[in-house]
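The structure under discussion appears below in the form of structure tokens.
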Amino acid sequence: MQRFLTTDYPKLLELIYDAALDPGCWQAFLDALPACFGNASGVMHFESAEASSMPVSIGFGHDPAFAASFQTYYYSINPYPVVGFQTLPVGDVACSSRVVPVETVEKSEFFNDWMRPQGISSDHLGMLLQRSSGARVLFAVSPHVSVYSRHRETYAAQLQLLAPHMVRAIEINRTMSAAHIAEQSLAGTLEALGAAAFLVSRSGRILIANAKAQTLMRTERVVMVDSFKTLRATCCTGDKTLSAAIAAAETVSTKHDRHPLRLTSCASGDVYAAWVLPIRIPRDDMPSRRFERFSERGANPAALVLLTLARSGMVIPPGAIQVVFGLSPAEARLASAIAAGHNLVDYANGAGLSRNTVRNQLAVVFAKTGTSRQTELVAAVVGALGMTGQR
């Protein structure tokens, strides 16, 4: 035990936290266990409650031929039920006899033809690493039967030392995976806005930038990102205005004072309109896991910054209208066209839609914006988002 504490334990902890940051490193941790647990073999099961197929398994210490036969046949007759391990407290090391009696196991084909030839005890060690509505992670380790009976308590104590770190690493895996999914979801939303879009924190730090935003930074140099990953306007005057608008985004009404900022391209001299729109964090009774994941990492989204080229006349991008009024992309495109002076017939023809479809969309737009006529809709959109003015 002393050698384990001074030599093996620190190395195993390092491997565990490598796996916490990169799940692909779990195999390296598992492969290091046999030397510390009496030439052990074992497995880690990752099972999704939504999946009907067998769980993803990472084995260690097994003869390759036995590992292959487990996947093709022996898994289906494994006498250890997954549901049995769910009764165990998470992180609690237990003998497998707490789930299935030894007598039952030793009468099974699984034990006699698969476990016994590999020196796997019928009463090996295991624990539950995660239990949630969406997933379970199970871990089992069996020191070789030739040494297990003499050192059972020592191996159990060693595993109990590792247990809380393994549980924590699995939770880090889950959190990072969910955060990645959240970022992908939000990134997809930004791509659909049809304008250069940046999701930023209150300090202006960029959390996500869509493809058009990244292209705009490279080619037009209207905005840039500094060494602190903060969104900055390339023009000094515009930079102060942009920073102030982002900082104040959370305190400004959604339907007022939404006139765009005017920023100049250092590459072409073109004028761009920048809307700084507040991100409303969902109320406690309407949680959103996308925003919760950002909050858990201390990066609350505060504003959505949209940039479009300021053309002559009234140009209010559908993305801005969509965010402010809670419209669908199609509804926002219709509202933008009406605000720009297009009639329903021309819009329907240009969009390839029937007049009835456009009329139905307009009815929904009226309901969502609290208006009842096109003139009222234009007034609401212009009042909330302003005009870019003349170039």
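The table below gives the values:
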quantity	calculated
Cα-based reach from Lys240 at 24 Å (exclusive), listing lysines while leaving out same-chain residues under 8 positions away	Lys212, Lys229, Lys255
Residue order, fewest to most surrounding Cβ atoms within 10 angstrom, among Phe198, Phe70	Phe70, Phe198
Residue exposure sequence - Ile77, Ile172, Ile279 - by fewest surrounding Cβ within 10 Å	Ile77, Ile172, Ile279
Residue exposure sequence - Tyr9, Tyr148 - by fewest surrounding Cβ within 10 Å	Tyr9, Tyr148
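Read-outs throughout are calculated quantities, based only on the coordinates presented, and are distinct from any laboratory measurement. None of these values were measured; they are calculated from a predicted model. Heads up, the Cβs are rebuilt from the backbone with ideal geometry, glycines too, and the neighbour counts pull from every protein chain shown.
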